[in-house]
1. Computed on alpha carbon atoms, what radius of gyration and Dmax characterise chain A, expressed in Å?
2. Run through every distinct alpha carbon pair of the protein assembly as shown and return the Kirkwood hydrodynamic radius in angstroms, one decimal place.
3. Name the most mobile residue of A:L109, A:L168, A:L24, meaning the one with the largest mean-square fluctuation, in a Gaussian network model of chain A with Cα contacts below 10 Å.
4. For B:Y260, B:Y139, give me the order by solvent-accessible area with a 1.4 Å probe, most accessible first, ignoring ligands, DNA and RNA.
5. Counting only residues 5 or more places away or on other chains, whose amide H sits under 5 Å from the amide H of A:A38 once H atoms are built in the peptide plane?
6. What are the residues whose amide H is under 5 Å from the amide H of B:D178, where those residues sit 5 or more places off or on another chain and H is modelled from the backbone?
7. Along the positive direction of the dipole of chain A (beta-carbon charges: Lys, Arg +1; Asp, Glu -1; about the Cα centre), which of A:I11, A:L29, A:A155 reaches farthest?
8. About the Cα centre, and with charges only on the beta carbon of Lys, Arg (+1) and Asp, Glu (-1), how big is the dipole of the stretch A:1-134? Nearest 20 debye, please.
Amino acid sequence: MSAIIEVQGVIKDYPLGKLSVRALHGVDLTIARGEFTAIAGPSGSGKTTLLNLIGCVDVPTEGTVVFDGAVTSKLSDRELTRLRLEKLGFIFQSFNLVAVLSVFQNVELPLLLQGGIGNDERKKRVVDILDRVGIGKYIGHRPNELSGGQRQRVAIARALVTRPKLVLADEPTANLDSVTGGQILGLMKELNQQQGVTFLFSTHDHRVMELAGRIVQVQDGRVVDDGKQGKTPTSASAAAPTPAAH
Amino acid sequence: MIIFEIARNNLLASRRRTLFLGTALFGVTLLFVLLLSLTAGVTDNLIRGATAVSSGHVNIAGYYKSSPTDSQALVTNVDTLKAEARQALPDAVVVIDRLRGWGKIIADRGSVQTGINGIAFDDEADLFSMLTLAPAKDYRENPANPEETRGNFADLQKPNTILLFAGQAKLLKAEVGDSVTLRTETLKGATNTADVTVVAIARDLGLLSGFASFVPKQAVIDLYQFKPGVSGVVQIYLKDIKRSTAAMNELRAHLAKKGYAQLEHDAQPFFIKLLQTVPGEDWTGAKLDVTTWEDEGAFLVQIINGLKAVSLALVMLLAFVIVVGISNTMTIAVRERTREIGTLRAIGMNRSSILMLFLLEAAILGIVASGAGGLAGAGIAAAINAAAIRVDVDAMRIVLLSDTLHLVPRVVDVVIAVAVLTFVSAAAAFFPALRAARITPVTAMQSAE
């Protein structure tokens, strides 16, 4: 299976006053299309930094990140924005929905930014994906009227509505109870299997890791185990629960 | 459209902040519209006063000098001149002539200098439509019946009569029915006098009416011993007063072509030319002088310009306060909404849309609050105008060119005020919006950690 992500010798330094803190120390990683991969590691290990670089919201200090054939460090801000809009979906730990928009509008937003989609087609895609994640009856609600699990389902719908090639999820279950977290991961897994969307998510929760097809272990800014010898995308160890709003 | 929705909803979500800034914008726009209405009112007073008392929209005055040092306000062959005016200006609605003089009104208990206008009552329907009889309180001390009006404008058709304005009557301590003496100097340098009866006392029409009185034409002819066909000025009223300057130029060209000698155009009222400018010029004979109503009220235009300057300074000061308030508030909003901005950037919104989002927020606030302020200002101005509030302070009357508070709310002024305040509001948000647009999308990921 061809690689959608190739991370080659990536170093990432962050300035800290007059000093510089190295968050990643020469990371190499390849993610194939259709994988359902977890990046695991303790807090501060560099998981989020790695996701930021792969998600084209940041660029490496050294090394290259190749996303779907494009070297991200060579792209302009405008090109990176377009790439995120068309090929990437994001799921955040704190859901990051736009508080002043309804569930429908939150999910519709990326399609409106993309443009070129007719009103009827856009509405159909939004309704379909909301139904698909089990949140269709909350279409007119505002995010603050939903539970954490429901919000994360909306976030998943928003991430998937543009039919991206890769969905990045940064600790998607960290703010959810274990049952809801399991359901969310199950939903992501189901979408991965049914729609073939590549999922890459960070976590330090061992129960969540169990669902991953592959687990990449990160520690102190280094990949200590890229998971290629372990789980594969087709051998998920847990069955996906039926989507339902919680 | 979704950007508009986010902007609008964010305003609604931050109710207290929106209400605070909205109230400030509302207040400043209201004040701005009131000041613009006041300026328009004063301008209106000037136009009404100037065109009723001392000028047509365009005038053909004449000056005659028998020696280099003297000056007399007269035009000869007035009927020919009126015909020339009608020929040159087909859009002239009314063409009349008045005799002009300058002299002193002497009463038993006082005297005042005045311009003397000799008029034909039947020609002056427009003048009398603008004049109203003054109540006794306007010119008499402690009247038994303050609102009582006496006299009749139509009595000016009778010989040896005079119409005074309230300010003059107050100085002269004159009443309707009193006999006063007009004293002038003839062309040959002799002093001439005429006794006239006060038949009406009109409400003041601002500063201009302080220097004007009206008598029948024959009274001026007798005072100055003019020959038939002589008058003081031809006053031309157009369909559209805005065409005054263009019409003046057309008339000047027409008269020049017909061989009439003319004074160079000088934006001064007639009495300044009569008493200062023309006597100082080294020529003899007759010259015409074509002017507009604005020229005749030029000294009053300075009052309007001063009022405009004060209004502008006040509004700019308040707008500066608005700018600081909106800028600070938007800076706080950007800081509070860093995660939202980062999220929007992460999911594919570009920098210019983020910039637009915050500018739109300020612009929506601006147009709604200033729109409401503009309408409220226009409403209050209309109410004040309808109330016809009397101004008792003389200095204020001079500035306002009227004895009542006259405000003219105009759609164009409301539009200007709303546009300016909306622009100010959006401009104040520019730098915070730029800062928002520069937030990197990685912020969203970091804020989620």
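1. Rg and Dmax of chain A, Cα atoms, are 17.5, 54 Å.
2. 32.0
3. Highest fluctuation among the options: A:L109.
4. B:Y260, B:Y139
5. Close amide H contacts, sequence-distant or interchain: A:F201, A:G213, A:R214, A:I215, A:V216.
6. Under 5 Å from the amide H of B:D178 lie the amide H atoms of B:V198, each far enough along the sequence or on another chain.
7. Of the listed residues, the answer is A:A155.
8. About 180 debye.
The values are calculated or read from the model by the stated rules, or taken from the named source; none is laboratory data. Keep in mind the model is a prediction, meaning the values are calculated, not measured. Heads up, the Cβs are rebuilt from the backbone with ideal geometry, glycines too, and the neighbour counts pull from every protein chain shown. The protein model used for the area step is the full one, side chains on, heavy atoms only, and it has no ligands, DNA or RNA in it. Shrake-Rupley method; radii C 1.70, N 1.55, O 1.52, S 1.80 Å.
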